[in-house]
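Since the structure comes first, as structure tokens, the remarks are kept for the end.
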Amino acid sequence: MHILSKSTYIKGLQCEKALYMFKKHPYLRDHISIEQRAKFQRGTDVGVLAHACFPGGVDMTPAFPAHFPKKAEETRQNLSNPDVNVMYEAVFQYNDTLIMLDMLVRDGDRWIAIEVKSSMALSTTYYNDSALQYYVLHGCGVPLSDFRLMYINGDYVRHGEINVKQLFKFESVLDYVKEHESRVAQNVERLKGVVALPHSPIINIGTQCHSPYTCDFIGHCWKLIPKDSYLYTTAIDDRHLFEYYFDGINSNKKMLMISDPNSLEARQIEALQSGSYYIDYKKLYTIAPLPRPKSVGFLNLLIHRPAVPELEGTRPYQELILAFALQGDHEEGGCFVWHCFDDHSRWRDSIPLLVEKLSHYAQIVCFTPQNLSTTLLRHEIIQNKEVGHKVFNLFDVLQQCDFYHPKIKKGFTLQHLCEALFPDIATFEHSKILMEALSQELTSYQQAEEDLLIENQIVEKTYQKFFNTCAVDK
Ligand code: SF4
């Protein structure tokens, strides 16, 4: 059996302890978010679609992990079989390291290795995992004429059926992977040594816990860090926080001794110690809408960005408005939900409806990491600057007011904001609504509608908490 794979190698590059824990104590992993699961699924779907660029290949995917050795042997035999010109998920093992290559395409008496990525840009991690694959292929004696990354072409516009040849573009990384082969060999030996250790390597928490990916073992490794530790503050970046930590500043008391009492860091530590949140009320009063708007609408948009364009005339990752929930006095019963879950081609119907509905409100409150004004402008929902000023995005506004709570260290999302301000309300990831909307089941559609409204209620409660009073007090 193999010791390393592409994913465990990448994990080991981030942190040797993460690799060891994954191999020896996988039950200690944190819960995987809906968004992460959706990303894995998207990668698989795009990989399968990419096969159409090189049709007629033999799929080497093993039905069970126990079949890896058998598939590796079949892959080896196929290399010398003149009837096999393309292999999908070809399995190779060298020096206890197993890889499954997305595509291997015959090129005369050599082969072209192709790794598919579902994004529109290439990152260091992609180059690193290609280098590992090249190391294994070379070790297995596969004669390569090229190693290419195949990724999404952002300029592609769908007309009719998907044209896979235009949807993807290629970048040769052969020079890169050859140049890095000896370094990969050293890494492989080092990481195999880590897995063979009789106990977990002693590695302190640090910046590697969140970079380049959020580690799966944070729940385990960080459990001895007090919940009110300054390591959960956000005023200072992680690199500097950990520099202080490793320099012996290992308590809030010591951190406060070296911090300016008026600094944001000191205020965040005070909030942590009091089990509350921090917000700069001076800034809040400056930003608060005055006079108090006569009518406020709370808007929650559900936007879908399919990697592979679903609809005629759309590009990869182009945003489609799948649904919106609007709450306010102008809606019958106080709320309105529109969606096109059953037929995404109707998504443009949302635009005139939003224009009409939003025009009744003096202010439109939302919480979104996107620039909602830009999104609405892009869809011509807000056509002039005057109307554009109606949008009051709590995501931007609260950050401008230095809002802080330890929950938001994991990301400034509505879910974490709700956990911080209204711990009694059950929360969920926003991605859950998108999953419900894409499920093609009526009950999930109903759940998605309800969840859009629940999110809107959290936005309304947050707005009332901070802005109703200050608009009066001002
Ligand atoms: S939480 Fe941090 S220290 Fe622990 S395994 Fe992950 S990266 Fe390593």
query: What is the spin-label model distance, in nm, from residue 446 to residue 190 if the labels are put 7 Å beyond Cα along the C-beta direction?
result: 5.6
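Which entries in 178/410; 39/165; 17/409 show an alpha-carbon gap greater than 26 Å?
Check vs 26 Å cut-off fails for 178/410.
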- line: Dividing the helical contributions, -39500 (n - 2.57) per DSSP H run of n ≥ 4, by the residues of the chain yields a 222 nm value, nearest 500 deg cm²/dmol, of -12000 deg cm²/dmol
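With both bridge residues required to lie in region 4-195, what share of the DSSP beta bridges run antiparallel, to the nearest 5%?
Numbers: 18 of 28 bridges.
The antiparallel proportion sits near 65 percent.
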message: At 7 Å along Cα-to-Cβ for each site, give me the label-to-label distance between residue 172 and residue 360 in nm.
response: 6.2
message: Using a Cα-Cα cut-off of under 13 Å, which aspartates and glutamates could be cross-linked to residue 71, ignoring same-chain neighbours fewer than 8 residues away?
response: 59, 89
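How much FRET efficiency would the formula 1/(1 + (r/R0)^6) give for residue 34 and residue 262, where r is the Cβ-Cβ distance and R0 is 51 Å, rounded to 0.05?
Values: r = 40 Å, r/R0 = 0.79.
It comes to 0.80.
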- prompt: Mind checking which lysines have their C-alpha under 17 Å from residue 23, skipping anything on the same chain fewer than 8 residues away?
  reply: 6, 11, 192
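Using a Förster radius of 35 Å, what is the FRET efficiency between residue 76 and residue 239 based on their Cβ-Cβ separation? Nearest 0.05, please.
On the way: r = 46 Å, r/R0 = 1.31.
Calculated transfer efficiency: 0.15.
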task: Return the long-range amide H neighbours of residue 392 (sequence gap of 5 or more, or a different chain), with a cut-off of under 5 Å between placed amide H atoms.
output: 364, 365, 366
query: If you take the alpha carbon radius of gyration of the chain and divide it by 2.2 N^0.38 Å, what ratio comes out, to two decimals?
result: 1.14
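Which of the peptides 433-441, 264-272 is most tightly packed, and how do the rest follow, judged by the mean count of other Cβ atoms within 10 Å per residue?
Ranked from most to least packed, the peptides come out as 264-272, 433-441.
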Backbone HN-Hα couplings from phi across region 29-40 [Karplus 6.51/-1.76/1.60, Hz, Gly and Pro as x]: 5, 6, 5, 8, 6, 4, 5, 5, 4, 5, 5, 4
query: Which number do you get for Rg(Cα) / (2.2 N^0.38 Å) in region 424-468?
result: 1.33
- request: On a C-alpha basis, how far is the centre of region 269-342 from the centre of region 157-197 in Å? Whole number, if you could?
  value: 38
- request: Using a 1.4 angstrom probe on heavy atoms only, work out the carbon and sulfur share of the accessible area of region 225-276 in %.
  value: 52
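Express the accessible area of the chain per residue in Å², computed with a 1.4 Å probe while the remaining protein chains stay in the model. Don't skip to the answer; put the middle values down first.
Values: 23400 Å² over 474 residues.
Value for the chain: 49 Å² per residue.
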Base-10 log of normalised Debye intensity for region 161-226 (one unit scatterer per alpha-carbon) at q = 0.20, 0.27 Å⁻¹: -0.98, -1.16
field: Ratio Rg/Rh [Cα only; Rh per Kirkwood] for region 285-473
entry: 0.95
- line: Per the rule of 0.36 nm per residue minus the C-alpha distance, extending residue 41 to residue 305 adds in nm 93.6 nm
- request: Check the straight Cα-Cα distances from residue 117 and name the aspartates and glutamates below 12 Å, setting aside those fewer than 8 residues away within the same chain.
  value: 45, 102, 129, 171
- line: Here the percent of antiparallel bridges among DSSP beta bridges lying wholly in region 285-473, to the nearest 5, is 65
Rounded to the nearest 20 debye, dipole of the chain from Cβ charges on Lys, Arg, Asp, Glu: 1060
query: When the Cα centres of region 15-44 and region 124-156 are compared, how far apart do they sit, in Å?
result: 23
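Using the alpha carbon gyration tensor of region 120-238, what are the three equivalent-ellipsoid semi-axes (square root of 5 times each eigenvalue), largest first, in whole Å?
Semi-axes (√(5λ), whole Å): 36, 25, 11.
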task: Please give the direction-averaged projected area of the C-alpha convex hull for region 230-290, in square nanometres with one decimal.
output: 4.7
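Of all DSSP beta bridges in the chain, what percent run antiparallel (nearest 5)?
Values: 31 of 47 bridges.
If I count the DSSP bridges inside the chain, around 65 percent turn out antiparallel.
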Karplus 3J(HN,Hα) series, Hz, for region 240-249 with 6.51 cos²θ - 1.76 cosθ + 1.60 (x for Gly, Pro): 6, 4, 6, 4, 4, 4, 7, 8, x, 7
- line: Computed over the chain: longest principal axis from alpha-carbon atoms vs helix 264-273 long axis, angle to nearest 10 degrees, is 90
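The values are calculated or read from the model by the stated rules, or taken from the named source; none is laboratory data. Since the structure is predicted, the reported quantities are computational estimates derived from the model, not experimental observations. Please note: Cβ atoms are built from the backbone with ideal geometry, for glycine as well, and neighbour counts cover all protein chains shown. Just so you know, the surface numbers come from the protein's heavy atoms only, side chains and all, with ligands and any DNA or RNA stripped out. Shrake-Rupley method; radii C 1.70, N 1.55, O 1.52, S 1.80 Å.
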